[in-house]
Amino acid sequence: MEKYVNDLKICPLFDHIEPHHLITMLRCLGAKIIHYKKNQNIFTEGNPATHLGIVLTGQVQIIRIDYYGNRSIVANLGPSHLFGESFACAGINALPVNVTATCDTTVLLIDCQRILKTCNNACVFHSQIIFNLMKVVATKNILFNQKIEIISKRSTKEKL
């Protein structure tokens with residue numbers, strides 16, 4: 001985990017957390033580093049959302065597949081980007097998207113419940129990571145609302 005500390009410092013989930021506390025915190029949270037091959041699913045549509053992920057190396061795509069089998073790429077995410085946090089925090093029973101590695105990729109997975117429920121050790125950084133998670137989710141919510149506002153315009157001219 002130590003070799004990824006510089007990449008993790010950039011992730012907004014770890015804002016205001018000292019690098020020397022980062023490894024201790026990740027161990028406390030039960031974080032796992034998992035390697036995925038190209039085109040391998042990290043999260044699969046229909047499965048419960050329990051973990052959030054952080055791309056350490058490589059790239060992932062968030063893909064939505066409609067009723068007719070049409071694929072829509074929702075997002076391309078590279079190193080230090082967070083994914084799955086909204087679904088995991090909400091405790092969604094069936095993910096509406098697939099998250100797939102577009103090349104050989106390394107991901108850090110953290111059980112969201114381990115973040116949301118404070119540990120018995122009363123770690124000093126635990127309240128900071130909860131605050132950071134809330135900030136990330138709120139920021140993404142604002143961006144999605146802006147997209148909805150643009151999409152809901154009546155004409156193409158209004159959308160532009």
20 Å reach of a label modelled at Val74, 7 Å along Cα-to-Cβ, counting backbone N of region 109-139: 109-113, 133-139
Here the alpha-carbon Rg of the chain over 2.2 N^0.38 Å rounds to 1.11
Simple spin-label estimate for Ile150 and Asn93 in nanometres, 7 Å along Cα-Cβ: 3.5
Measure nothing fancy, just the Cα-based angle from helix 19-28's long axis to the longest principal axis of the chain, in degrees from 0 to 90, nearest 10. 80
Per-residue HN-Hα couplings for region 78-85, Karplus 6.51 cos²θ - 1.76 cosθ + 1.60 at θ = phi - 60°, whole Hz, x for Gly and Pro? x, x, 6, 8, 9, 8, x, 5
Which length gain, in nm to one decimal place, applies between Cys103 and His35 when the Cα-Cα distance is subtracted from 0.36 nm times their residue separation? 23.4 nm
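If the chain between Thr118 and Lys140 were fully stretched, how many nm would it gain, using 0.36 nm times the residue separation less the Cα-Cα distance?
That pair, Thr118 and Lys140, stretches by 5.5 nm at full extension.
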For region 58-75, Karplus-derived ³J(HN,Hα) couplings (6.51, -1.76, 1.60; θ = phi - 60°; whole Hz; x for glycine and proline) come out as x, 8, 10, 10, 9, 10, 10, 10, 7, 4, 8, x, 6, 9, 10, 7, 7, 7
What residues qualify as long-range amide H neighbours of His81, i.e. H under 5 Å apart, gap of 5 or more or another chain, H built at 1.01 Å from N? Val55
Amide H partners (placed H, <5 Å) of Ile17, local residues excluded: none
Taking only protein heavy atoms and a 1.4 Å probe, what accessible area per residue, in Å², does region 40-106 have with all protein chains in place? 47
Output the 0 to 90 degree angle, nearest 10, between the alpha-carbon long axis of helix 126-151 and the longest principal axis computed from the alpha carbons of the chain. 10
Only helices counted: for the chain, with every DSSP H run of 4 or more residues adding -39500 (n - 2.57) and the sum spread over all residues, [θ] at 222 nm is -10500 deg cm²/dmol
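The values are calculated or read from the model by the stated rules, or taken from the named source; none is laboratory data. Just so we're clear, the structure is a prediction, and the values are computed from it rather than from any experiment. So basically every Cβ, Gly included, is an ideal-geometry build from the backbone, and we count neighbours across all protein chains shown. Remember, those area values only see protein heavy atoms, side chains included, never the ligands or the DNA or RNA. Shrake-Rupley method; radii C 1.70, N 1.55, O 1.52, S 1.80 Å.
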